């Protein structure tokens, strides 16, 4: 049997081939190392990403719980505030009603005396007058109504008198004028307002619009005439 020899390329020695193989083996090992390192880093990155996602989800869930708790607390506070406001409104309404009763039984007769001191002699005084003229669509209510054969006085009484109350009273007297004209009543109508609490600007507004102003003074009350001539309707 003949000997078979490996036919290496001419000019390349065995040592060179072996060195090339060894270098190639090292490159393969380095590549494997890099792949393993990359896989390890990728796995670590995935774990970190999963941790961040879980942490974010936990924070979101915690935030949602906190938001829900805050909303419940806000709802509770709003309900409590609404309850208190209703209680205050009821108390103020009770106070207003009580004040109306005081006007009916105490202020009205004294108004007659106070107006008499100012030269206005009213023989008749009535409280809580209601006008319900369905035919002519005229509806209004007067807290205190004083009258004689020539003149009538419409008095609006409020616990806390406002400019809006005064403007409404003007329209009320205008309705009275219309109602009186339809009935042939040619008397002069005057206006007055009364209040327990009257701010300076409200006081000035009432007097400048030609109203008599009744306000507390010690254990009784005084009536201040308007700045100029009383407004007549």
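Separation of the range 118-187 and the range 48-88 by C-alpha centroid, Å? Each part's Cα centre sits 56 Å from the other's.
With the highest mean first, a sort of the peptides 32-39, 189-196 on other beta-carbon atoms found within 10 angstrom per residue produces 189-196, 32-39. Sorting the segments 150-163, 131-144 by their mean number of nearby beta carbons within 10 angstrom, highest to lowest, gives 150-163, 131-144.
Taking 0.36 nm per residue of sequence separation and removing the Cα-Cα distance, the residue 60/residue 136 pair yields an extension gain of 20.7 nm. Quickly work out the residue 177-to-residue 229 label distance, labels modelled 7 Å from Cα along the C-beta direction, and quote it in nm with one decimal. Here the answer is 1.4 nm between the modelled labels. Protection proxy ranking of 117-128, 49-60, 204-215, by the mean of other Cβ atoms within 10 Å over each peptide's residues and highest first, is 204-215, 117-128, 49-60.
Annotation for residue 77 and residue 29: the two label points, set 7 Å from Cα along the Cα-Cβ direction, are 7.0 nm apart.
How much of the DSSP bridge set in the range 105-224 is antiparallel, in percent, rounded to the nearest 5? Please report the intermediate quantities before stating the final value.
Values: 18 of 31 bridges.
That works out to approximately 60 percent antiparallel.
One quarter of the convex hull surface built on the alpha carbon atoms of the range 105-224 amounts to 7.4 nm², the projected area averaged over directions.
Read-outs throughout are calculated quantities, based only on the coordinates presented, and are distinct from any laboratory measurement. Values in this document were obtained by computation on a predicted structure and should not be read as measured data. Neighbour counts run over all protein chains shown; Cβ positions are idealised from the backbone, glycine included.
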